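A.B. asks: Handing you a structure now.
Derivation of every value follows stated rules applied to the coordinates shown; laboratory data play no part. A quick note: this is a predicted structure, and the numbers were derived from the prediction, not measured. Here Cβ is always computed from backbone atoms with ideal geometry, including for glycine, and neighbour counts include all displayed protein chains.
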Amino acid sequence: MSGQVVSLELGADPALVARTLAAHGQWVRRLSEGDRGQPLLLLEPHSRQISDGELAGIPGVATVFRPTSPHPLVDAQPREVVIAGVPVGGTAPPVLVAGPCAVESAAQIDELAGRSAAMGARLLRGGAWKPRTSPYAFGGHGAEALGWLRLAGERHGLGVVTEAMSVEHVGLVAEVADLIQIGSRNMQNYPLLRAVGGAGKPVLLKRGAAATVEEWLLAAEHCLYHGAPSVIFCERGVRGFDPASRNLFDLGAVALLRHALGLLVMADPSHASGRRDLVVPLGKAALAAGAMGLLVEVHDHPELALSDGPQALDPSLLGEFGIGGRP
Ligand code: PEP
Ligand code: MN
């Protein structure tokens, strides 16, 4: 048997107990604290087999238990994180994340960053590499766009959220991003989850278009297992049977993650609907369901946008969500 979690006595030094456990053949991972503030240590399943009795005899160990959940790191996630100085979750107000689908030019991202910040956005989104269904569609300006994004974020006081689409670009993305996005199409790309986790940055994990909630949680477990400090889930709609809207916005999942599982969750009404006229009402609905933030695509000339123009809002409409701004 292995995979136990040990709860330490209040006041025990977790580093010291971890060293003692290592001397007993245990690979130890620190979890966030238990409900009374007591430190928790997970003994990795590939550690030497050790009985609960032997563990209980180690100084500093208070209790030993075995998580029954397949995603103990997700379960132990904090209820609030801070991204680029912006609190998300807990009692923090909902966060507005805005920006274009793709970073199209230095001037475009600077303009949209400025206008979004003025409407209360705290984080700037924008893709440097775009996952496109058609090989003929615009695939992003790549590394150059990351530089434009970083400058725009710095100039307007916004943290940066951008997608890592392939393992080879994770290092570059991690240099710029405060929150690394994993796109819907890549939610189960395990080498990418591993690489992004290893970058040590918080992750925004979009839900796969046909992923169950359990698969989504396990994808997050991969990121955390490989080193991500936290994962914010992002509901962006799943594949439905009706093409009337781009996707089927699963607000039940938003409520479940926030209220039943106590996880960090945002929502993306832009990709969920694919239509600008539905983005505001769906965004409000997501907030009512418990979303801790909204990811909204904006563009100053949607008819000229290189991707996702039909769902882009003019930044002047960002105030309609009733969130955003500096506390
Ligand atoms: C995006 O955020 O621009 C995007 C491509 O989203 P998704 O992965 O949810 O389709
Ligand atoms: Mn898009």
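A.B. asks: Enter the angle in degrees (range 0 to 90, nearest 10) between the Cα long axis of helix 213-225 and the first principal axis of the Cα atoms of the chain, meaning the one along which they spread out most.
C.D. replies: 70 degrees
A.B. asks: Please list, by residue number, every one of the chymotrypsin sites (Phe, Trp or Tyr not before Pro) in the range 95-143 that is coil in DSSP and has at most 12 other beta-carbon atoms within 10 Å.
C.D. replies: Here the sparse-neighbourhood loop sites are Y136.
A.B. asks: Antiparallel as a % of all DSSP beta bridges within the range 171-306, to the nearest 5?
C.D. replies: 10 percent
A.B. asks: On to the next question. How much length would be gained if the chain were fully extended between D277 and S32, taking 0.36 nm per residue of separation minus their Cα-Cα distance, in nm to one decimal?
C.D. replies: The D277-S32 span can extend by a further 84.1 nm.
A.B. asks: Can I ask one more? Express in nm, to one decimal, how much length is gained between E144 and T63 on full extension, taking 0.36 nm for each residue of separation and deducting their alpha carbon distance.
C.D. replies: Roughly 24.0 nm would be gained on extension.
A.B. asks: Another one. Which angle between 0 and 90 degrees, to the nearest 10, do you get for helix 143-156 versus the longest principal axis of the chain when only C-alpha atoms count?
C.D. replies: Roughly 90 degrees, rounded to the nearest 10.
A.B. asks: Please tell me the relative contact order of the range 256-326 in percent, rounded to the nearest whole number, where contacts are Cα pairs under 8 Å and at least six residues apart.
C.D. replies: 30 percent
A.B. asks: Another question, then. Given springs between every Cα pair under 10 Å in a Gaussian network model of the chain, which of G89, G157, G57 has the largest fluctuation?
C.D. replies: G57
A.B. asks: Given a cut-off of under 8 Å on Cα pairs at least six residues apart, what relative contact order in percent is computed for the chain?
C.D. replies: Value for the chain: 16 percent.
A.B. asks: Ok, one more. To test your reading of the geometry: what angle, between 0 and 90 degrees and rounded to tens, separates the Cα axis of helix 276-289 from the longest principal axis of the chain?
C.D. replies: The two axes meet at around 30 degrees.
A.B. asks: Are there trypsin sites (Lys or Arg not before Pro) in the range 230-290 that DSSP puts in a loop and that have at most 16 other Cβ atoms within 10 Å, and which ones?
C.D. replies: R239, R275
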